[in-house]
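One structure is given below, encoded as structure tokens.
The values are calculated or read from the model by the stated rules, or taken from the named source; none is laboratory data. Given the structure is predicted, the values throughout are model-derived calculations rather than measurements. Cβ coordinates were reconstructed from backbone atoms using ideal geometry, including for glycine residues, and neighbour counts include every protein chain displayed.
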2 protein chains.
Amino acid sequence: MTAYMTEALAEARAGAAAGEVPIGAVLVLGGEIVARGQNRVERDHDPTAHAELLAIRAGARLLEQKRLERATLYVTLEPCPMCAQAIAFARLKKLVFGAYDPKGGGVDHGPRIFQQPTCHHSPEVVGGVQELAAARLLRDFFKERR
Amino acid sequence: MTAYMTEALAEARAGAAAGEVPIGAVLVLGGEIVARGQNRVERDHDPTAHAELLAIRAGARLLEQKRLERATLYVTLEPCPMCAQAIAFARLKKLVFGAYDPKGGGVDHGPRIFQQPTCHHSPEVVGGVQELAAARLLRDFFKERR
């Protein structure tokens, strides 16, 4: 589990090097990484270009399936409500995330998307995996920007 | 306002003709439609390819801006939590929607995204515009499929 998170952290770092908020994700199916994502909001002028959304879209396109029932998504930060709902739509089996996000998260904070009556699928969720590494990346990024 | 919704309904109908759940959207800026969207989940094998998300992404790409502060989105159905959060990220000025969606909506139902402490922008919202036409499209679509 930590090996996949290490790959997600590498995506986050690559994003930061390109001027993006450092958040990264990998989508794992049958032990293999089938898709990767990093924040691309600035580069693509796309407010929806979060690491999770891009990894899900890439994985679904690759497999030519709108649902990814056996896949696990590893992401360095607790997903926002948009990405949490996308995870539910994609019917992901499992979500593993790094740092918790009390200000913008939508899984353990705010709307707690998977617990809403309007949410028709809830993945297994594991939070706090390599939490400190993910949080440090974000902190350092915003410190440099100030 | 109803003229733009008529255009969104045309997008929804075009989606239905292609086998998609009939939901359509148009993005309006300065009185002009700058982007359009229709559900493409089936065609694109993309669980995130909702009309709203596609219209926002197309508009932001066209204007080369991640935020669309002066834009209004017209969509035939109350946005889901994913699309509502995307609307907040895009900083849209206004959201106009047609039918209400008690089962899957995220604006006036479920997580009520714009009222969450984790939501940092709330557009002006007008619901129920050409509500019956939008609801009829969806009802007819699902009736045929059964």
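A few remarks follow.
- Selection from the stretch A:96-114 of residues that are over 21 Å from A:Tyr4 (Cβ atoms) and charged (D, E, K, R): A:Lys103, A:Arg112
- In the set (1) more than 8 Å from every other protein chain (Cβ to nearest Cβ); (2) in contact (Cβ under 8 Å) with a residue 24 or more places away in the chain, the condition left unmet by A:Gly104 is number (1).
- Scanning the stretch B:110-126 for residues that are more than 11 Å from A:Gly110 (Cα to Cα), loosely packed, with under 14 Cβ neighbours inside 10 Å and either touching an Asp or Glu at 6+ places or on another chain (Cβ under 6 Å) or at the interface with chain A (Cβ under 9 Å from one of its Cβ atoms) (or both) yields one hit, B:His120.
- Being basic (Lys, Arg), surrounded by fewer than 17 Cβ atoms within 10 Å (Cβ to Cβ) and within 17 Å of A:Asn39 (Cα to Cα) holds for only one residue in A:Arg146, A:Arg136, and it is A:Arg136.
- Within the stretch B:44-62, considering residues that are within 24 Å of A:Leu68 (Cβ to Cβ) and part of a helix (DSSP H, G or I), the one nearest to the chain's Cα centre (by Cα): B:Glu52
- Scanning the stretch A:35-50 for residues that are within 9 Å of another protein chain (Cβ to nearest Cβ) and of a type in the set (A, V, I, L, M, F, W, C) yields A:Val41, A:Ala49.
- Residue list for the stretch A:63-91, restricted to those being free of Cβ contacts under 8 Å to residues at least 40 places away in the same chain and either farther than 19 Å from A:Thr118 by Cα or part of a loop (DSSP other than H, G, I, E, B) (or both): A:Leu63, A:Glu64, A:Gln65, A:Lys66, A:Arg67, A:Glu69, A:Pro79, A:Cys80, A:Ala90, A:Arg91
- With respect to the stated conditions, B:Tyr4 fails to be among the aromatic types (Phe, Trp, Tyr), outside any helix (DSSP H, G or I), within 14 Å of the chain's Cα centre (by Cα) and under 22 Å from B:Glu131 (Cα atoms).
- Single match in B:Phe89, B:Phe97, B:Phe141, B:Phe114 (criterion: within 16 Å of the chain's Cα centre (by Cα) and more than 24 Å from A:Pro102 (Cβ to Cβ)): B:Phe97
- Residue count, the stretch A:7-43 (criterion: under 29 Å from B:Leu92 (Cα atoms), part of a loop (DSSP other than H, G, I, E, B) and touching a residue at least 40 places away in the same chain (Cβ under 8 Å)): 3
- Among the residues of the stretch B:51-61, just one is more than 9 Å from chain A (Cβ to nearest Cβ) and under 20 Å from B:Arg112 (Cβ atoms), namely B:Glu52.
- Subset of the stretch B:76-95 that is more than 15 Å from A:Thr48 (Cβ to Cβ) and surrounded by 24 or more Cβ atoms within 10 Å (Cβ to Cβ) - its residue that is nearest to the other protein chains (Cβ to nearest Cβ): B:Glu78
- Residue within the stretch B:130-146 that is at pLDDT 95 or above, in contact with a strand residue (DSSP E or B) (Cβ under 9 Å, 6 or more places away or on another chain) and not in a helix (DSSP H, G or I) present: yes
- Looking across A:Glu64, A:Glu32, one residue alone is modelled with pLDDT of 95 or more and more than 7 Å from chain B (Cβ to nearest Cβ). It is A:Glu32.
- Positions within the stretch A:3-51 being among the hydroxyl-bearing types (Ser, Thr, Tyr) and surrounded by fewer than 20 Cβ atoms within 10 Å (Cβ to Cβ), in sequence order: A:Thr6
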